Amino acid sequence: MKKPVLVVAAAVVVLAVLLLWWWSSRDKPADGVLQLQGNVDIRQVSLAFDGSGRVQEVRVEEGDKVKAGEVLATFDTQTLQLQADQAKAQIQTQQQSVARLRNGARPQEVIQARSQLAAAQADAARAAQDLQRLQGVAAATAGRGVSAVEMDRARSAAKVAAANAELQRQGLALVEQGPRKEDIAAAEAQLQAADAQLALLQHQISQGQLKAPVAAVVRSRLVEVGDMVSPQRAAFALALTQPKWVRVFASETELGRIRSGQRAQVFSDSHPDKPVAGKVGFISSVAEFTPKSVQTEELRTSLVYEVRVVVDDAHDQLRLGQPVSVRLQQDTR
């Protein structure tokens, strides 16, 4: 009876020793491995509308994953849309004005101007003939056959008819020459100004949609339907998940064992048996005081260097701000 008891007791002791050894060495890095403590870095974007208005729709909730370019919320842009419609009508009107100036006078308008010139020239010839006739009578009668008033009227009528003929001639020249280049340029400039006004209104309408700049997770939703928004008021806070890195701090003695591109493994308490692969992406060249998150008494007043380990978290195991352990594989050379 004593032998089985001794065997069982020996087995229990051996098992206890093995468990104690495993417990004491489970977090101890292997030889040639540098272990550092840190946190998954938190990076976020504070989003606000570029314009002002009343929120019409909110499409996401806190915790939702959004893609780059996805619409998060919209505000009412009906007033801007009406102004845009008005601007479109003004553009059409101005386009017709520019086309009329570019095309110049129609053939019918040229014919009309020529006819008016011919009529004015005929009136001028008739008035000149009347004046010449009166002058002949006055010369034959020694001035007694024509009164001075009639002579003055004839001279005035001849001058007016000649001036009207010259006016019609210049008018025909303007019709045949067409509008001035300056008038066409001014009309085209007005058309460009109308186009710019429409583009501005369309841009303001597009600002009524708040879009995610990058793929991220909605961390905070700060507006509701009916709220008034402006560029000064944040509407959402987005947590950036790509690229994801771990921020750790190394002492001066550990700094010599770290190099850029060095392979690393990131362990978390939630997945201790599923490390996430990564590599060193940044090593600070300036020392800083140990952050308050490091509560080791030996390191509270020490100077350390920031190191960022970029991870490839394909299965999204790591959460932003999560404490993790980073093990850096040392170069065997």
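Here, each number is a calculation from the coordinates, and none is a lab measurement. Computed from a predicted structure; not experimentally measured. Here the Cβ positions follow ideal geometry from the backbone for every residue, glycine too, while neighbour counts run over all protein chains shown.
Hey, with R₀ at 45 Å, roughly what FRET efficiency would Asp195 and Ser115 work out to, going by the Cβ-Cβ distance, to 0.05? In this case the efficiency is close to 0.65. In this structure, the amide hydrogen of Val214, modeled 1.01 Å from its nitrogen in the peptide plane, lies closer than 5 angstrom to those of Gly69, counting only residues at least 5 positions away or on a different chain. Distance between the pseudo-spin-label points of Ala99 and Ser251 (7 Å out from Cα toward the beta carbon): 8.3 nm. Multiplying the residue separation of His315 and Lys181 by 0.36 nm and subtracting their alpha-carbon distance yields 41.5 nm.
Calculate, in nm to one decimal, what Arg54 and Ala142 gain on full extension: separation in residues at 0.36 nm each, minus their alpha carbon distance.
Working: separation 88, 0.36 × 88 = 31.68 nm, distance 9.59 nm.
So the chain would gain 22.1 nm between Arg54 and Ala142.
Amide H contacts for Asn39 (H built 1.01 Å from N in the peptide plane; partners 5 or more residues away or on another chain; cut-off under 5 Å): Arg247, Val324.
Past 23 Å, Cα to Cα, is the threshold; run Lys67/Lys244; Lys244/Lys274; Lys65/Lys211; Lys88/Lys211 against it and keep the listed order. Walk me through the numbers on the way to the answer.
On the way: Lys67/Lys244 16 Å; Lys244/Lys274 17 Å; Lys65/Lys211 13 Å; Lys88/Lys211 27 Å.
Those over the limit are Lys88/Lys211.
As a length-normalised measure over Cα pairs under 8 Å and 6 or more apart, the relative contact order of segment 195-281 settles at 19 percent.
Here the 3J(HN,Hα) profile of segment 219-236, calculated from phi with Karplus coefficients 6.51, -1.76 and 1.60 at θ = phi - 60°, is 8, 9, 10, 10, 10, 10, 4, x, 6, 8, 10, 7, x, 8, 10, 5, 9, 9 Hz, Gly and Pro shown as x. Across segment 132-139, rounded Karplus estimates of 3J(HN,Hα) from the backbone phi angles (6.51 cos²θ - 1.76 cosθ + 1.60, θ = phi - 60°) give 5, 5, 5, 5, x, 5, 5, 6 Hz, Gly and Pro being marked x.
Please compute the net charge surrounding Ala113, taking Lys and Arg as +1 and Asp and Glu as -1 over other residues with Cβ under 12 Å from its Cβ.
Details: positive: Arg106, Arg114, Arg169; negative: Glu109, Glu176.
Residues near Ala113 contribute +1 overall.
Between Gln108 and Lys88, the distance separating the two model label sites (each 7 Å from Cα on the Cα→Cβ line) works out to 3.2 nm.
Whole-Hz Karplus values for segment 163-169 come out as 5, 5, 5, 5, 5, 5, 5 Hz, taken residue by residue from phi with 6.51 cos²θ - 1.76 cosθ + 1.60 and θ = phi - 60°; glycine and proline positions read x. The H on the amide N of Thr241, modeled in the peptide plane, is under 5 Å from the matching H of Val217, each at least 5 residues off or on a different chain.
What net charge do the residues around Ala173 carry, taking every other residue with its C-beta under 15 Å from that of Ala173, with Lys and Arg at +1 and Asp and Glu at -1? Computed value for this residue: 0. Measuring nothing but how far apart in sequence close Cα pairs (under 8 Å, 6+ apart) lie, relative to its length, segment 83-203 scores a relative contact order of 49 percent.
For the pair Ala128 and Lys65, the difference between a 0.36 nm per residue extended length and the Cα-Cα distance amounts to 13.3 nm.
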